1. Could you tell me the relative contact order of the chain? Use alpha-carbon pairs under 8 Å, at least six residues apart, and round to a whole percent.
2. Give the Debye-formula value of log10 I(q)/I(0) at each listed q (0.06, 0.10, 0.11, 0.13 Å⁻¹), with one equal scatterer per alpha carbon of the chain, two decimals each.
3. Quantify how much of the Cα-Cα distance distribution of segment 197-294 extends past 16 Å, in percent.
4. Provide the net charge surrounding Glu244, with neighbours chosen by a C-beta distance below 9 Å and charges set as Lys +1, Arg +1, Asp -1, Glu -1.
5. Each residue of segment 151-163 in turn: what ³J(HN,Hα) in whole Hz from Karplus with 6.51, -1.76, 1.60 and θ = phi - 60°, glycine and Pro shown as x?
6. Quick check: residue separation of Asp485 and Ala241 times 0.36 nm, minus the Cα distance between them. What number comes out in nm?
7. Would you kindly compute the Cα radius of gyration of segment 372-489 and its largest Cα-Cα separation (Dmax), both in Å?
8. Could you list which residues have their amide H under 5 Å from that of Val296, counting only those 5 or more apart in sequence or on another chain, with H placed in the peptide plane?
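Any read-out appearing in this document is the output of simple, stated calculations on the displayed coordinates, not a laboratory observation. Just so it is clear, the structure is predicted and the values come from calculations on it, not from any experiment. Using ideal geometry, Cβ is built from the backbone for each residue, glycine included, and neighbour counts are taken over all protein chains shown.
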Amino acid sequence: MGLLQEVKKHYGKLKFLINGEWIDSKSTNIHETTNPATGEAIAEFPTATNDEALAAVKAAHEAFQTWKHVPLRDRGRLLFGMHAKFEENYEDMCRILTQDHGRTIGEARGSVSRVIENIESACSALYGLPKRNEHIDQLANGIDQYLVWEPLGAFLIITPGNIPMHAWSSFVPYAMAAGCTVVVSPSRQDPVAAETITRVAQEAGFPPGVINLVHGGREINKLILEQPEIRGVGFIGSNRAGHELFQTCGRLLKTSSINGNGKNMVIIMPDADIDESIRWLMRACFGMTGQRCLGVDNVVIIGNIYNEVKDKFIAAAKAMKLGYGLDEDSQLGPYTTRGGKDKILNWIDNSLKDGAKIAFDGREVKAEGYPNGYFMAPTILEDVNVDMPMAKDEAFGAVASLIRGDNLDQAIEWINTKTRLGHSAAIMTSSMKNARKLIREANVGNVAVNLGVAQPYAFFPLGSRRESFVGTAKSRMASMRMFMDEKTVVSRWV
């Protein structure tokens, strides 16, 4: 174990991929991105000009006119080639993701593995397309009828700062499998990771214009989406931005997959294995520094096990080692941006004003050797009730709120009524009856049993509900329903 070597110390000025060419932007609007563990600059990146954004749209639209006709088996070969490139570049991608985002190298390896699994899932979706087509001979006298699925066109894909590679893979491979093309506009928080994944994908030999990358922002995204050549948008991010995009899609009659915020709960029942529950809580509440939509803020403890769970949880949190994610001994990395750390500090301050108390305070804990990093240790709050604002709004940080509960019925009612979000829920129990009750009655899209994170495998959609999702289709495998549409053909030959 030890500190792994960075792929590069500095990645220079990042480029755009438009119509198969990596180009230098003419923009004068240049930003700097930093390594969140050190606070040091690792790259500069431009915000695209309107002309550059429109050039990417044009390239995607024109490429679609030929890409949609590429035989299924040839698209499959390219996707398998992309899979091989990701396997080949796996470790470099993991290290760059850690350097740019801040997560630990173990978390980065898990994330890039999920990317590879999504490519495998997209290949499965591609070869499953013939099964979607239905044909009925002699439906009526002399009449045959059949159903085909056809790709819709060019799509805008907007990826978030917390899962820049995983979110990319939740849409892009599926779009290409369907016969669609993409313009990717990544978050400004970790643009090096976005460029890296695009470069590796393009090495597989996709035709010019099938994949395009521009660094945009809200106004550029709006400009791209409003172009008639763009048929819809795949988005993972905040509800504020996502619901605005959804309204734009409604006005323009475009398709969408809008995946937003979560406010997720873990329920620990009296019959749970407490030591095992603590192990899963650490990942659910503090993994990726709490910066993920499947992360957990609210920990509901049922019955007389509250003090035991609290004491063991605090002990485990105290033992976590903060540090640079490329140090394989580190268990908790920094926040991706200084603004992200400031936001969670403000969230904690507001929670204390509302009546919560600190059970374990990680706000002043330092990461040895990294004085300029955006670090903060886990923080655990107690005396929290479900009517406090903090129990309803996503924290998006390494914070856990301990809530006393009377029974499972009460906890399920809280899940279904105390927040407008419906992302996920989890239960720790040895009772099949308890688990089945949560599965059937919780109005959320993802449920975990004796796991802290309700993470669907790539072959399954990310099943959010209520205000956590709006749109035509969920992401991952289900996004094929967004990228394609049915056509029914009826014919009479006799």
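1. In percent, rounded to a whole number, it is 20.
2. Treating every Cα as an identical point scatterer, log10 I(q)/I(0) equals -0.28, -0.77, -0.92, -1.22.
3. 70
4. +3
5. x, 8, x, 8, 10, 8, 10, 10, 9, x, x, 7, 9
6. 85.2 nm
7. In Å, with Rg to one decimal and Dmax whole: 17.3, 63.
8. HN-HN under 5 Å from Val296: Cys285.
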